[in-house]
Every structure is written in C-alpha cells, then in structure tokens.
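The structure appears right after this line, and notes come after that.
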Amino acid sequence: MLLLAAAFIVAFVLLLYMVSPLISPKPLALPGAHVVVTGGSSGIGKCIAIECYKQGAFITLVARDEVVLCISVDVSQDYGQVENVIKQAQEKLGPVDMLVNCAGTSVSGKFEDLEINYFERLMNINYLGSVYPSRAVITTMKERRMGRIVFVSSQAGQLGLFGFTAYSSSKFALRGLAEALQMEVKPYNIYITIAYPPDTDTPGFAEEKKTKPLETQLISETSSLCKPEQVAKQIVKDATQGNFNSSIGSDGYMLSSLTCGMSPVTSITEGLQQIVTMGLFRTIALFYLGSFDSIIRRCMIQKAKSETVDKTA
C-alpha cells in the first residue's frame with residue numbers, strides 16, 4: 001500500500017509539472033519592449049532599469065532625481081501630473097509593456113516616537129506612488145491585451161517588525177492592491193508581480209540605518225544583506241515570467257509560502273509546493289518569532305538597567 005501511495009504521489013507530481021506550462025502565462029520578451037521604472041535613479045529601481053536595458057528593452061525612468069533618460073516627477077503627489085508623464089513616455093517609446101513601481105522610502109522608530117506626518121508620507125510615497133503610475137498605464141494595457149505591472153514591496157510587507165509600524169503598513173497595502181488588481185486584469189492577459197526584497201545594499205538602506213532602533217537593527221542582522229543587482233535580476237525574471245510572487249533566497253521563499261494566503265499562483269506546481277511546505281515553514285517561523293521577542297526583551301532589560309544607573313549616578 002505504501003509503495004502504491006508513493007507511486008501515485010510521484011505520478012501526480014509529474015502530471016502537475018507537465019500541465020503547469022499549459023496554464024502559465026506566456027513570458028514577456030524584453031527585446032524591443034518599453035519598460036517604465038519609477039524610483040529608477042538609484043538602488044533597486046536603477047538596477048532593474050539596467051537589467052531590462054541589457055536584455056534589449058527601451059527604458060523610461062520616472063524619478064524625483066534627474067538622471068540620464070529620466071522624466072522628473074514625484075509619483076506620490078499628483079495623479080494628473082503622473083498620467084501626463086506616462087503619456088509623454090508612450091508618445092516617445094510606444095505603449096508601456098512593463099511598469100515597475102519601485103519608488104519608495106523608509107522610516108523606522110517606535111510607534112509613539114514617530115512624527116504622525118511620517119505615516120501619511122509613507123502611504124503617499126510607498127502606496128499612492130504605485131497606484132498613480134499603474135492607473136496611468138492600465139487602460140492601454142487592457143486595450144492591447146498584454147502587460148506586466150510590478151509592485152516592489154519588502155519582506156517588511158509580509159511580516160510586521162519592531163520599528164516599522166509606518167513602513168510595514170505602507171508595504172502591506174501593496175499586497176492588497178496587487179491581489180485585487182490581478183483578479184481584475186488577468187482576463188486581459190495582464191500579470192501582476194509583487195516583489196518582497198530583503199534588506200538590500202542601497203543608498204536608501206544606508207540612510208535608514210542612521211535612525212534604526214537597536215531592536216530593529218538586531219532583528220535585521222539575523223538575515224544577510226543582498227546586492228541590488230541580485231534582487232533586480234530576480235524581480236525582472238519573475239515579472240517577465242508572469243509570476244505573482246517574487247522573493248529572494250531561502251528566507252524569502254519561506255516567507256512567501258507562509259504568507260501566500262489567498263494569493264494567486266502562476267502554476268499548479270507552485271500551489272502544491274505551498275501546501276506541502278506550509279506546516280514545516282510555520283514551525284521554523286515560530287522559532288524566528290521567539291528569537292525576535294527575545295531580542296526585544298533583552299533590549300528592554302538593558303535600557304531599564306541603564307536608566308537605573310543614570311538615576312543613581
């Protein structure tokens with residue numbers, strides 16, 4: 001019976017691998033495609049633009065900082081202005097085949113210590129800064145029955161972390177947007193990718209480190225720092241393949257499986273992998289959460305001792 005069951009499972013998995021390509025989206029060919037990247041003047045956005053250019057795409061960069069072949073605009077402030085910029089880009093290089101929403105910023109600090117305007121600012125940049133460009137390209141993509149839209153979230157958009165009450169919430173919002181939008185546009189052969197990069201060696205990350213609470217810094221150090229080129233290559237690969245989730249490394253794969261919920265899948269195989277690994281990954285995640293709680297408690301005890309010493313000095 002055990003051999004029969006094992007044989008059935010093997011046959012079932014092989015069948016899934018055979019069927020999966022039939023239901024997966026057709027890959028987007030980048031040679032000659034028009035790719036628009038927001039936040040493309042530095043960091044991950046810049047590396048994505050370079051990677052797409054290397055693969056033969058025409059590139060439009062939309063950023064606040066002026067760089068070569070860049071249209072300067074703040075994507076979080078005025079939808080009309082963003083729409084006009086996208087129209088200019090399409091008049092020059094043709095309809096947008098792929099939009100990569102990479103404009104974003106981060107602020108860390110304890111909930112009660114953060115200025116209240118930071119919450120509004122991060123929602124404007126990280127969330128609305130992705131809504132506006134996407135809204136500007138979606139009609140043309142529907143008319144053409146093709147397109148890719150990428151939202152660059154963060155692992156902090158999968159897991160709420162100490163010090164990221166403003167940042168995590170703005171990145172979590174992208175998940176809801178991506179899932180709802182994918183359901184709307186899939187019949188039009190448009191595929192959404194939401195990327196969850198880990199800590200990445202970018203100018204933004206260097207700036208963020210200056211104000212990180214100790215607890216946040218120690219938790220961040222439990223995972224390695226990625227190169228932006230590595231992250232960019234994975235995002236471009238997943239976007240062109242039409243994958244909904246894009247993650248980096250083993251931690252990223254585990255988080256994406258754990259938090260898949262009602263997210264769409266690109267293939268039956270992907271869904272099966274999530275089902276099989278969920279229990280194991282949840283067990284591992286509990287150990288991670290326990291270690292994070294331990295870090296926070298140790299920091300709290302250390303601060304309490306320092307305050308006591310200061311009072312008695």
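The values are calculated or read from the model by the stated rules, or taken from the named source; none is laboratory data. Since the structure is predicted, the reported quantities are computational estimates derived from the model, not experimental observations. Cβ atoms come from the backbone with ideal geometry, glycine included; neighbour counts cover every protein chain shown. SASA here: full protein model, heavy atoms, side chains in, ligands and nucleic acids out. Shrake-Rupley method; radii C 1.70, N 1.55, O 1.52, S 1.80 Å.
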Quiz item: Of the GluC sites (Glu not before Pro) in the stretch 98-193, which ones lie in a loop per DSSP and count no more than 12 other C-beta atoms within 10 Å?
Solution: E112, E115
Self-check item: Per residue accessible area in Å² of the chain, where ligands, DNA and RNA are left out and the probe is 1.4 Å
Solution: 53 Å²
Quiz prompt | All-pairs alpha carbon distance profile, the stretch 163-313, 5 Å steps from 0, percent | solution = 1, 8, 13, 17, 18, 16, 10, 6, 4, 3, 2, 1, 0, 0
Quiz item: Quick one: what Rg and Dmax do you get for the stretch 28-285 from the alpha carbons, in Å?
Solution: 17.5, 52
Quiz item: Got a sec? Charge dipole of the chain, +1 on Cβ for Lys and Arg, -1 for Asp and Glu; which of Q88, P228, A57 is way out at the positive end?
Solution: A57
Quiz item: Using just the C-alpha positions of the stretch 68-208 as equal point scatterers, what log10 of I(q)/I(0) does the Debye formula give at each q in 0.14, 0.15 1/Å?
Solution: -0.68, -0.77
